[in-house]
1. Using alpha-carbon pairs under 8 Å, 6+ residues apart, how would you state the relative contact order of the chain in percent?
2. If the viscosity is 1.567 mPa s and the temperature 4 °C, what Stokes-Einstein diffusion coefficient in µm²/s follows for region 115-181 when Rh is the Kirkwood radius over Cα pairs?
3. Show I11, I77, I106 ordered by accessible area, largest first, where the area counts protein heavy atoms only and the probe is 1.4 Å.
4. Skip the ligands, DNA and RNA, and give the accessible area per residue of the chain with a 1.4 Å probe, whole Å².
5. If you wrap the chain's Cα atoms in a convex hull and average its projection over all directions, what's the area in nm²?
6. So, counting K/R as plus one and D/E as minus one, what does the shell of residues with Cβ under 10 Å around I150 add up to?
7. Sum -39500 (n - 2.57) across every DSSP H segment of at least 4 residues in the chain, then divide by the residue count to get the 222 nm mean residue ellipticity, nearest 500.
8. On the accessible surface of the chain, probed at 1.4 Å, how many percent belong to carbon and sulfur atoms?
Amino acid sequence: FSLLSISFLEILLSIDNAVVIGLLAREAGPTHKKKILFYGFFGAFWLRALLLLLVRWLTRVFWLKIAGALYLVFISIAHFMKEREMHEEKVHTRGFWPTLTKVIFIDLVFAVDSVLAVVALTKHLWIMIGGVAIGMAAIRLIAGVISTLIDRFPRLESAGYAIIGIVGVRMLVDALNEKYQFSN
């Protein structure tokens, strides 16, 4: 039951990670898209596995949560500012390494949130890793589908970046609430 619960939770928490990987895979251009999707998935899995081992330290790192949340808000705002400037220009490709660097950093941001949620459900490391593995498989499938959909319907890209901004704001509010206990 714990494995199923964690797998389901991981899939839900990984959808936004998949959206980001799918969006960023387009920035690397069509020749590198599949590699970015693979390495984004690979990075997401291994970062989560590593963070599971470091979870006690992570729960105390307030600035990491804040930095990750602010970065997500930043890339969302940057997208919309760039979109205003480029209005009708073709999608600019950034290349493999700059895109992969962004994907891995974003994987780290989402991994912190995901691992903290998974650890709350069980204390058994093998169940955590199994649930994370199932969630990562979902990321890979969802990211590929999202990237293909955005290729067909380019207006979906802005919706994806809006979701990223909302997720960043949510992470920021959650981190501040945890730190300063703003709830009733």
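1. Details: 226 pairs, mean separation 88.3, N = 184.
Relative contact order for the chain comes out at 48 percent.
2. Working: Rh = 14.5 Å.
Value of D from the Cα-based Kirkwood radius: 89 µm²/s.
3. Working: I11 55, I77 90, I106 0 Å².
Of I11, I77, I106, the descending order of accessible area is I77, I11, I106.
4. On the way: 10470 Å² over 184 residues.
That works out to 57 Å² per residue.
5. Numbers: hull surface 43.6 nm².
Mean orientational projected area (the chain, Cα hull): 10.9 nm².
6. Details: positive: R26, R152, R155; negative: D151, E157.
Value of the local net charge: +1.
7. Numbers: 7 runs with 155 residues, N = 184.
Here the helix-only value at 222 nm equals -29500 deg cm²/dmol.
8. Numbers: 7270 of 10470 Å².
Carbon and sulfur together cover 69 percent of it.
The values are calculated or read from the model by the stated rules, or taken from the named source; none is laboratory data. These figures come from a predicted structure and were not determined experimentally. Glycine also receives a Cβ, built like all others from the backbone with ideal geometry; neighbour counts cover every protein chain displayed. Note: areas computed on protein heavy atoms with side chains; ligands, DNA, RNA excluded. Shrake-Rupley method; radii C 1.70, N 1.55, O 1.52, S 1.80 Å.
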